[in-house]
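Worksheet for the structure shown next.
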Amino acid sequence: MTQMIHIECKAVLFDLDGVLIDSTAAIERVWTRWAIARGLDSEEVVAGAHGRPTLAMVQEYLPDSDHEKESLEAERCEMEDLEGVVACNGAKELLAALPGTGWTVVTSCSKDLAEARLLAVGMPIAPLMVTFSDVEHGKPHPEPYLKGAARLKFPPSDCVVLEDSPAGVQSGKAAGCRVIGLRTWCSERELKAAGADWTIDSCASVSVLGCSGQVLRLVLDGC
């Protein structure tokens, strides 16, 4: 049985892929080509690519390579192949309803790649975005969402995170944020096990009722 949940917060922190944009088709093409060219199992590589930093992929699958060179080449391919990158359901509408100082993006990809994908779907470049190069420890470590909250100058307890992966959910919860898990790639059970406070299908399930002072009033439908 679904229900409507009312939430008050001061800022919303968004993961990028699987929450605001869907770049699945491009990711699969790029990493399939990358794996085949290097004699790797393309299905295994593609399965592990979603939501992971390019450098982490290179370090895992080519541990003895020039990690920086390989990472730059893979990212160049990702930035050049944006065909089929689309906005997730309800994402544009949700961003348009939020005040510009009340949200940002916390992503595991680089700043250049994040901006390229946002521009490809006609979304605004996130103010004060936190990317892979901004943190020493990636998700599930709390550092990414701690930094996102700090950049917006709000305590994590006043922030709500939207995430679609268990590692991202764990990162948000460890930072002290409340977390909405999106059932984009994972089941409700997996997201709840990671610590999600609520789960929804997409950004289309989030409505902004208003903003009084710095307090945002959100409603979740279909929890």
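Before moving on, here are some points about what is shown:
- Conditions (1) in contact (Cβ under 8 Å) with a residue 24 or more places away in the chain; (2) crowded, with 20+ Cβ neighbours inside 10 Å; number of the one not met by residue 82: (2)
- Output for segment 16-37, where each listed residue is of a type outside the set (D, E, K, R), over 17 Å from residue 72 (Cα atoms) and out of contact with any Asp or Glu (no Cβ under 9 Å at 6 or more places or on another chain): 16, 20, 21, 36
- Which listed residue is farther than 20 Å from residue 215 by Cβ and either modelled with pLDDT of 95 or more or over 15 Å from the mean Cα position of the chain (by Cα) (or both), from 126, 120: 120
- Look at (1) of a type outside the set (Asp, Glu); (2) in a strand (DSSP E or B); (3) free of Cβ contacts under 8 Å to residues at least 24 places away in the same chain and you find that residue 12 fails only one, number (3).
- Taken together, the residues in segment 92-108 that are modelled with pLDDT under 90 and of a type outside the set (Gly, Ala, Ser) amount to 1.
The values are calculated or read from the model by the stated rules, or taken from the named source; none is laboratory data. It should be emphasised that the depicted structure is a prediction, and the values quoted were computed from it without experimental measurement. Cβ atoms come from the backbone with ideal geometry, glycine included; neighbour counts cover every protein chain shown.
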